[in-house]
1. Does segment 116-136 include one or more residues that are more than 16 Å from Val49 (Cβ to Cβ), part of a strand (DSSP E or B) and touching a Leu at 6+ places or on another chain (Cβ under 8 Å)?
2. Looking only at segment 159-189, count every residue that is under 13 Å from the mean Cα position of the chain (by Cα) and part of a helix (DSSP H, G or I) and tell me the total.
3. Sort out which residues of segment 175-189 are in contact with a Gly (Cβ under 7 Å, 6 or more places away or on another chain) and among the hydrophobic types (A, V, I, L, M, F, W, C), and write them in order of number.
4. Among Val54, Val73, which is at pLDDT 95 or above, among the β-branched types (Val, Ile, Thr) and more than 15 Å from Lys175 (Cβ to Cβ)?
5. If I ask for residues that are surrounded by 21 or more Cβ atoms within 10 Å (Cβ to Cβ), farther than 22 Å from Glu197 by Cα and touching a Gly at 6+ places or on another chain (Cβ under 8 Å), which ones from segment 70-89 would you list?
6. What are the residue pairs meeting all of these: first residue in segment 173-202, first residue farther than 21 Å from Ala69 by Cβ, second residue surrounded by 15 or more Cβ atoms within 10 Å (Cβ to Cβ) and of a type in the set (Lys, Arg), Cβ atoms under 9 Å, and 6 or more apart or on different chains?
7. Do the conditions hold for Ala200, that is, is it exposed (fewer than 11 other Cβ atoms within 10 Å of the Cβ) and modelled with pLDDT of 90 or more?
8. Do we find a residue being part of a strand (DSSP E or B), of a type in the set (A, V, I, L, M), in contact (Cβ under 8 Å) with a residue 60 or more places away in the chain and in contact with a helix residue (DSSP H, G or I) (Cβ under 9 Å, 6 or more places away or on another chain) anywhere in segment 146-158?
Amino acid sequence: MNRKKALAVSALMLGLALCMPRAWSHGEGHEGHSSKPPASVTGKPVRPVDAQLVDQDGRKLRLASDALADKIVVVGFVYTNCTDICPMVSQTFAQLQASLAPLMEKKVRLVSMTVDPVRDTPARLKEYSAHFEPKPGWLWLTGDVSNVAQALQSFGIHITRPENHPAQILVGDAKSGRWTRLYDVDRPQQVLAKVDELIAAQRATKSAADEGAGREPCNRAAPQALSTGAKPGCVAQPG
């Protein structure tokens, strides 16, 4: 990171430090932080829709089929005029990007979604995101107000004003539909643990599927072969 970018990130984090007491009080800044839920809970259901969005490079993407696809996904909610929690979330994502470098875009994708689509144009997101040096696999998404609202709602996020959006990170397997909400947005290790858990689950599922595919079907016409002459490991087929 060059000196100019380092100074910019430092300024963002300084703003975060100065605003923290206010940000974590109920009714000011990001709402509901005075009584945080447990660090990791399932929370509201997550059912991503295929709303059309736009990334920081101006590419049109469908949320479910393009942005999430079949990846392990980490989703955060930010807006560029935010001076308290959002820089913390983005800094956490920058650390995740570094830790997950070998898996980025191949298996894992980071998604920073704006909660302020009116002001956060693709160009604005591009400028802001440059402070955190996103690489392939880290998307910053905006779009039409109605499409962004639809996308947020599908993640269980309902807001009335950008400054009142909830501070949380979602970690999920877009293919299996397993999602977890994390509320300690400044703990990348907690996110990494969930990512590892989902990757392990994917491997176990694939291994079981491969094992099943390698077994020889049992002879339908001779069900008695199951106890007399069938090969060990054959898979009985439905009649």
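1. For segment 116-136, residues more than 16 Å from Val49 (Cβ to Cβ), part of a strand (DSSP E or B) and touching a Leu at 6+ places or on another chain (Cβ under 8 Å): absent.
2. The total comes to 1.
3. Passing the criteria: only Trp179.
4. After ruling out the rest, the residue left standing is Val54.
5. Asp84, Ile85, Pro87
6. As it stands, the answer is Leu182/Lys194, since those pairs meet every condition given.
7. On the way: exposed (fewer than 11 other Cβ atoms within 10 Å of the Cβ): yes; modelled with pLDDT of 90 or more: yes.
Considered against the rule, which asks whether it is exposed (fewer than 11 other Cβ atoms within 10 Å of the Cβ) and modelled with pLDDT of 90 or more, Ala200 comes out as yes.
8. no
The values are calculated or read from the model by the stated rules, or taken from the named source; none is laboratory data. Quick caveat, the model's predicted, so the values are computed rather than measured. Note that each Cβ is placed from the backbone with ideal geometry, even for glycine, and that neighbours are counted across all protein chains shown.
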